[in-house]
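The next block holds one structure in the form of structure tokens; read it before the comments.
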Amino acid sequence: MAIFNLKKREIECKIVYYGPGRGGKTTNLEYIFKKYSKQITGEMVSINTEGDRTLFFDFLPMGLGKIRGCDIKMQLYTVPGQVQYSATRKLVLRGVDGIVFVADSLEVRREKNMLSLKDLQKNLKEYGLNIFKIPLVLQYNKRDLADEGIPLMSIEQMEKDLNRQLKAPSFPGSATKGTGIGDTLKECAQLTLKALQKELQWAQ
């Protein structure tokens, strides 16, 4: 749930990048941190766990407008994707307002994508949240690797595996090259803002 800071006239929302280990969540956030540096307040905080990291920083999206005269501030988080960090993933989801699910396009990661999505659904449920109702955007990452002859799943296959029931907005992307990163974030920010307005009955 968003946090209101009346003193600063800010509403803080939390967007979490979720997905399987080594799928590109950290690279997404590192790209956003560099590309949109003018919209970022403070430093990127990194909590290292063996073989994986949790990152977060504050992001002030431009052009989203205000709610009742308050600026919108978003906190962007990644979760460690590897299976053994289940407790950390659940903890990072606490108070989440919107989610970007970063799926790995490599054929060999097909099962890991599906298991990670199930894990997300289970963890949200434990907080009383519904994966079908929370603002959610899918990103099909590593699409650039097709140029290197690496076997990737088709977008159609990934949609069928991950998005057949959810029917969430989805974007092909490359976190290393920056393709689709801004579009994914913008869509998730807009959906999160709409959901907040609805929740607070402030929809115009």
Review point. Exactly one of (1) touching a residue at least 60 places away in the same chain (Cβ under 8 Å); (2) in contact with an Asp or Glu (Cβ under 9 Å, 6 or more places away or on another chain); (3) over 21 Å from L166 (Cα atoms) is unmet by G81. Its number?
Key: (3)
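For region 1-36, which positions are of a type in the set (F, W, Y) and either assigned to a strand (DSSP E or B) or closer than 26 Å to N113 by Cβ (or both)? I'd like the intermediate steps shown before the answer.
First, pick out the residues of region 1-36 that are of a type in the set (F, W, Y): 4, 17-18, 31, 33, 36.
The answer is F4, Y17, Y18, Y31, F33.
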Practice item. May I ask you to say which residue of N113, N123, N141 is in contact (Cβ under 8 Å) with a residue 60 or more places away in the chain, touching a helix residue (DSSP H, G or I) at 6+ places or on another chain (Cβ under 9 Å) and under 15 Å from V79 (Cα atoms)? Key: N113
Revision key, fill the gap. When region 39-96 is checked residue by residue, the ones that are surrounded by fewer than 13 Cβ atoms within 10 Å (Cβ to Cβ), at pLDDT 85 or above and within 23 Å of I134 (Cβ to Cβ) are L91, R94
Practice item. Could you list all residues from region 128-138 that are free of Cβ contacts under 8 Å to residues at least 40 places away in the same chain, farther than 18 Å from P80 by Cα and in contact with a helix residue (DSSP H, G or I) (Cβ under 8 Å, 6 or more places away or on another chain)? Key: N130, I131
Point to revise | Leading residue by the ranking (surrounded by the most Cβ atoms within 10 Å (Cβ to Cβ)) among those in region 103-124 that are more than 19 Å from I15 (Cβ to Cβ) and among the charged types (D, E, K, R) | key: D104
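Tally the residues that are free of Cβ contacts under 8 Å to residues at least 60 places away in the same chain and in contact with a Leu (Cβ under 9 Å, 6 or more places away or on another chain), restricting the search to region 93-104.
Applying the first criterion (free of Cβ contacts under 8 Å to residues at least 60 places away in the same chain) to region 93-104 yields 94.
Still in the list and also in contact with a Leu (Cβ under 9 Å, 6 or more places away or on another chain): none.
Summing the residues that are free of Cβ contacts under 8 Å to residues at least 60 places away in the same chain and in contact with a Leu (Cβ under 9 Å, 6 or more places away or on another chain) in region 93-104 gives 0.
Please verify whether A195 is surrounded by fewer than 19 Cβ atoms within 10 Å (Cβ to Cβ), under 24 Å from R68 (Cα atoms) and aliphatic (A, V, I, L, M), treating the condition exactly as stated. Step through it out loud before you land on a result.
Numbers: surrounded by fewer than 19 Cβ atoms within 10 Å (Cβ to Cβ): yes; under 24 Å from R68 (Cα atoms): yes; aliphatic (A, V, I, L, M): yes.
It is true that A195 is surrounded by fewer than 19 Cβ atoms within 10 Å (Cβ to Cβ), under 24 Å from R68 (Cα atoms) and aliphatic (A, V, I, L, M).
Let's see how each residue does on (1) among the aliphatic types (A, V, I, L, M); (2) over 12 Å from D104 (Cβ atoms); (3) at pLDDT below 95:
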| site | (1), (2), (3) |
| --- | --- |
| K125 | no, yes, no |
| I131 | yes, yes, no |
| K142 | no, no, no |
| L145 | yes, no, no |
| E148 | no, yes, yes |
| E156 | no, yes, no |
| D161 | no, no, no |
| K167 | no, yes, no |
| A175 | yes, no, no |
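Give me the residue from region 128-145 that is surrounded by fewer than 13 Cβ atoms within 10 Å (Cβ to Cβ) and not basic (K, R) and, out of that set, farthest from G24 (Cα to Cα). Before the answer, list the steps.
Pass one, region 128-145, residues surrounded by fewer than 13 Cβ atoms within 10 Å (Cβ to Cβ): 128, 130, 132-133.
In the following step, the residues that additionally are not basic (K, R) were identified as 128, 130, 132.
Details: G128: 27, N130: 24, F132: 23 Å.
Here the answer is G128.
The values are calculated or read from the model by the stated rules, or taken from the named source; none is laboratory data. The structure presented is a predicted model; accordingly, all values stated were derived computationally and were not measured. Cβ atoms come from the backbone with ideal geometry, glycine included; neighbour counts cover every protein chain shown.
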